[in-house]
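Enquirer: First the structure, then my questions, so here it is.
The values are calculated or read from the model by the stated rules, or taken from the named source; none is laboratory data. Fair warning: this is a prediction, and the values are worked out from it, not measured in the lab. Cβ atoms come from the backbone with ideal geometry, glycine included; neighbour counts cover every protein chain shown.
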Amino acid sequence: MNEFFAMGGYAFYVWSAYGIATVVIAGEILAVRARRKAAVRLARIVASEPARPAASTGSVR
Amino acid sequence: MTLNWFRLASPATFYPVAGRLIPWFAWPAALCACVGVALGLGAAPTDFQQGDAYRIIFIHVPAAWMSMFLYLVMAFWGAMSLGFNTRLSAMLAQAIAPTGALMTFLALVTGSFWGRPTWGTYWAWDARMTSELILLFLYLGVIALRSAIDDPRRADRACAVLALTGAVNVPIIYYSVKWWNTLHQGMSVRPGESKMATIMLLGMLIMSFAAWFYAIAVVLHRARSIMLERESGAAWVGALAETRS
C-alpha cells in the first residue's frame, strides 16, 4: 500500500496532478450547480412579476 | 425518420431535451473516470523510461485533447450563430468556454507536473506549451469579451468572431511537435497507430471517454442555466415546472 502511494518516488508530482484535477472538476460541478440555482431563482422572480411590456424582457446579463 | 433540426434549435424545445440528456452523460462520465483512474494508477504497469511519473498522462492527454476539441466546437457554434442568427448556437458557444478553459488549465498544470520529473523543468517556452497557453488566453479572452458587452446578441457576435479567429491556433498546437523541435515529446497516439502498451492505451481511451461525457454533461447543464438567464421573462420559461411557484 505504501508502495502505491510512493509512486516510485514520484508521489509529489503524480498526486499533485490528480489532486488538482479532482479539485478543479469538483469546483466546476459546484459552480455549475450554483449557477443553475441562481438562474432558476431569477426566472421564478421574473415569471411571478405581473406581465410587462415585451420590450422590457431583454438582457439579464 | 425525419428530424427537424431547426425545431430543436429553439431554447424552448432544447431546454427539456438537454435536461433529459444530462444523466445519460454524467453517469457514464463518473463510471469511465473510476475505471480509467483504476487502470491508470493501478493496473497499468510502471513505464520503463519514465517510471510512475507517466501516470499523469491519463489526465494530461485527455484534458489536452478536450481543450482543443472544445475550442473547435465553440468556434463551430459561434459560426452557426453568425450564419443562421440562432440564439441557441450562441448559448452553446457561451456554455462551452468555461469548460474549455478548465480543460486547458488542467492540461497545462498536469503537463508541468509531468515535465518537472521527466524533463527537469516545470515550464519551457517551446511551441507546444506556448501555443497551449495561448489557447487558455483565447478562452479567457472570449469569456472576458462576453462579460464586457452588455447586449447579449452583440456579445454573441463579438465572441463568435474572436473564437473563429483563434481557431487557427488549434492546428498549430496539434502539429507543433511535428513542425518545430520541441521539448514536448512527439505524438504517442495517432489515428491508426500507437506506441503505447495496450493497457496504458486502454486506460487513456477510457479517461478520454470520461472527459468527453463529463464535458457534454457539464456544458448542457450550464447551457440550461444560460437559457434561463437570457430568456427569463419569455413565456416558455414561465411555463416550466421549476419556475412556477
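Enquirer: When you scan segment B:168-191, do you find a residue that is closer than 29 Å to B:LEU82 by Cβ and surrounded by 20 or more Cβ atoms within 10 Å (Cβ to Cβ), even just one?
Expert: Yes; the residues of segment B:168-191 include at least one that is closer than 29 Å to B:LEU82 by Cβ and surrounded by 20 or more Cβ atoms within 10 Å (Cβ to Cβ).
Enquirer: Keeping to segment B:159-176, report how many residues are within 14 Å of chain A (Cβ to nearest Cβ) and more than 19 Å from B:MET227 (Cα to Cα).
Expert: The total comes to 0.
Enquirer: May I ask you to list the residues in segment B:217-245 that are over 14 Å from B:LEU88 (Cβ atoms), outside any helix (DSSP H, G or I) and touching a residue at least 12 places away in the same chain (Cβ under 8 Å)?
Expert: B:LEU240, B:THR243, listed by residue number.
Enquirer: Between B:PHE6, B:PHE58, which is at pLDDT below 90 and either part of a helix (DSSP H, G or I) or surrounded by fewer than 16 Cβ atoms within 10 Å (Cβ to Cβ) (or both)?
Expert: B:PHE6
Enquirer: Test A:ALA55 against the criterion of being surrounded by 11 or more Cβ atoms within 10 Å (Cβ to Cβ) and either in a helix (DSSP H, G or I) or modelled with pLDDT under 85 (or both), and give yes or no.
Expert: No, not satisfied.
Enquirer: Of all residues in segment B:83-92, count the ones that are buried (at least 23 other Cβ atoms within 10 Å of the Cβ) and free of Cβ contacts under 8 Å to residues at least 60 places away in the same chain.
Expert: The qualifying residues number 0.
Enquirer: Sticking with this one: Go through B:VAL35, B:VAL17 for me and flag whichever is closer than 30 Å to A:MET1 by Cα, at pLDDT below 95 and more than 12 Å from chain A (Cβ to nearest Cβ).
Expert: B:VAL35
Residues are listed down the side, and each one gets a yes or a no for (1) crowded, with 20+ Cβ neighbours inside 10 Å; (2) more than 22 Å from the chain's Cα centre (by Cα); (3) closer than 30 Å to B:THR118 by Cβ:
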{"site": "B:ASP150", "(1), (2), (3)": "no, yes, no"}
{"site": "B:ASP156", "(1), (2), (3)": "yes, no, no"}
{"site": "B:LEU164", "(1), (2), (3)": "no, no, no"}
{"site": "B:MET207", "(1), (2), (3)": "yes, no, yes"}
{"site": "B:ALA217", "(1), (2), (3)": "yes, no, no"}
{"site": "B:ARG222", "(1), (2), (3)": "yes, no, no"}
{"site": "B:SER225", "(1), (2), (3)": "yes, no, no"}
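Enquirer: A further question follows. Out of (1) modelled with pLDDT of 90 or more; (2) assigned to a loop (DSSP other than H, G, I, E, B); (3) not aromatic (Phe, Trp, Tyr), what's the single condition that is false for B:GLY186?
Expert: (1)
Enquirer: Continuing with this model, one more query. Quick check on segment B:110-125: of everything there that is of a type in the set (A, V, I, L, M, F, W, C) and part of a helix (DSSP H, G or I), which residue is surrounded by the fewest Cβ atoms within 10 Å (Cβ to Cβ)?
Expert: Here the residue is B:TRP119.
Enquirer: Regarding segment B:93-109, can at least one residue be identified that is surrounded by fewer than 24 Cβ atoms within 10 Å (Cβ to Cβ), without any contact (Cβ under 8 Å) to a residue 40 or more places away in the chain, β-branched (Val, Ile, Thr) and touching a Ser or Thr at 6+ places or on another chain (Cβ under 9 Å)?
Expert: Among the residues of segment B:93-109, at least one is surrounded by fewer than 24 Cβ atoms within 10 Å (Cβ to Cβ), without any contact (Cβ under 8 Å) to a residue 40 or more places away in the chain, β-branched (Val, Ile, Thr) and touching a Ser or Thr at 6+ places or on another chain (Cβ under 9 Å), which makes the answer yes.
Enquirer: What are the pairs with Cβ atoms under 6 angstrom where one residue, in segment B:7-19, is within 17 Å of B:GLY238 (Cα to Cα) and the other, located anywhere, is among the acidic types (Asp, Glu)? Sequence gap at least six, or different chains.
Expert: B:PRO11/B:GLU231
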